[in-house]
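As structure tokens, the structure follows; a few thoughts come after it.
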Amino acid sequence: MFFVCSVVYLQIGRVSAVDRDSEQFSGFEYKLQSSSELFSIDSDTGEITAKVSLDREERSIHRLVVVASDLRAPAMSSTADVSVQV
């Protein structure tokens, strides 16, 4: 007997950044400020996903800090606080 184990990532939301200083430039890289066993973020799209099932009884609110950096040199960055309510 074989069991196939698949990981299903639940999309939580998406963050986006805008460079108001330069209309020509709109490329950003996204990352979580601290590594997380529960959440991940797509560095290109800013899509935040849960890597595991979240249990409301264990923890009802999760707080993340997302860093958005532009792709210029030297890179400029900004942070956003994200709350995930289960």
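Readers should treat all values here as calculations from the given coordinates under stated rules, not as data from a laboratory. For clarity, every value in this text was computed on a predicted model and none was experimentally measured. Reconstructed Cβ throughout: ideal geometry from the backbone, glycine too, with neighbour counts over all protein chains shown.
With only Lys, Arg, Asp and Glu charged, each at its Cβ (+1 for the first two, -1 for the last two), find how big the charge dipole of the chain is about the Cα centre; round to the nearest 20 debye.
With Lys and Arg at +1 and Asp and Glu at -1, about 160 debye.
Work out how much length Tyr9 to Val86 would gain on full extension: take 0.36 nm times their residue separation and subtract the Cα-Cα distance, in nm to one decimal.
Stretched out fully, the Tyr9 to Val86 stretch lengthens by 26.2 nm.
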